[in-house]
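The values are calculated or read from the model by the stated rules, or taken from the named source; none is laboratory data. Here the structure is a predicted model, which is why all the values come from computation and not from measurement. Heads up, the Cβs are rebuilt from the backbone with ideal geometry, glycines too, and the neighbour counts pull from every protein chain shown.
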Amino acid sequence: MKKARKDKLLVKFIIVSGLSGAGKSQALKCFEDMGFFCVDNLPTTLIPKFAELCVQSMGTMNNVALGIDVREADFFEQLFETLRILSENHIEYRIVFLEAANNVLIKRYSETRRPHPLNTKGKTILDDIMAERKKMESLKERADLVVDTSYLTVHELRSTLTERFSRFTKERKLTISLISFGYKYGIPPDVDLLFDLRFLPNPNYVEELHSLTGDDKGVRDYILKFPITHKFLEKLFGLIEFLIPQYIAEGRSYLTIGFGCTGGRHRSVTLCNLFAEFIKQGVFKVNLIIKHRDSQK
């Protein structure tokens, strides 16, 4: 493997390991949400070659999380030799070690009914856990971060890893998709939050507004002249100001909000546009996508 420039660390690796059943798969999902390129169970002997490919990727795989476990033969001899090679080539790495109490691991295996990776014939699950724990001691001692997941929720694990490693990646923004639609054409299948606007006064029954859409000033002015519209917007904006930071903290990447009226041409389009203006003028660091599905039907 060609050596990377010492003065410029092109690739950063997170080695995710620990006791089987302690949450490695969940940890990798957290890293994936942070923007890491994640690979699970890559043979340790292939890691140096994989690192070389990452260096040559022109920045597309700068941050990598690798999930490895004890199932490989000669696991530690290969792993520690691999880490030595990474260091020689000036590739920065961190080791995250996940563990949990014996009784918690036993319960998790009981609930999933999956065999332990060691699965020693004639031994109990506790025997296998204790044997793995002993084998993993040397890796745990070298870990940069040890996380006991015994009583952590998935969200708490995510928070722990994000707090420690999000600086490795560029800030990922929540993408909010706003879609207006008509109920007569069906509800969009991928909506997370849905607002039914059919209670608002309908411009469709105003002759000079019938052929227009919510993108036109006349329709917008008509809808906004009613106090009920302003009351609804006040409550809607307050709700969203509360919800968006919660979604961001939870690590969500996408949020789709639907605005529906009868035909999808007037009220839904206007309110969708007003909501987009609110988001753009606010302090939220999000990407915004707007779609008026039925406005031309």
Legend entry - Residues satisfying the stated conditions in region 274-287, i.e. under 22 Å from PHE232 (Cα atoms), modelled with pLDDT under 90 and surrounded by 15 or more Cβ atoms within 10 Å (Cβ to Cβ): PHE284
Legend entry - Per-region count, region 162-192, residues surrounded by 16 or more Cβ atoms within 10 Å (Cβ to Cβ) and modelled with pLDDT of 85 or more: 10
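Do we find that SER138 is of a type in the set (Ser, Thr, Tyr), exposed (fewer than 14 other Cβ atoms within 10 Å of the Cβ), at pLDDT below 85 and assigned by TED's automatic domain parsing to the domain that holds LYS24 in this structure?
no
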Inset, instruction - Please list, ordered by first then second residue, the pairs with beta carbon atoms under 6 Å, 6 or more apart or interchain, first in region 93-108 and assigned to a loop (DSSP other than H, G, I, E, B), second crowded, with 20+ Cβ neighbours inside 10 Å. - result: ALA100/ALA22; ALA100/THR149
Inset, instruction - Would you confirm whether any residue within region 47-59 is within 22 Å of ASN119 (Cβ to Cβ), at pLDDT below 90 and not in a helix (DSSP H, G or I)? - result: no
Inset, instruction - For region 73-92, indicate whether the set of residues that are under 19 Å from LYS24 (Cα atoms), among the β-branched types (Val, Ile, Thr), surrounded by 13 or more Cβ atoms within 10 Å (Cβ to Cβ) and touching a helix residue (DSSP H, G or I) at 6+ places or on another chain (Cβ under 7 Å) is non-empty. - result: no
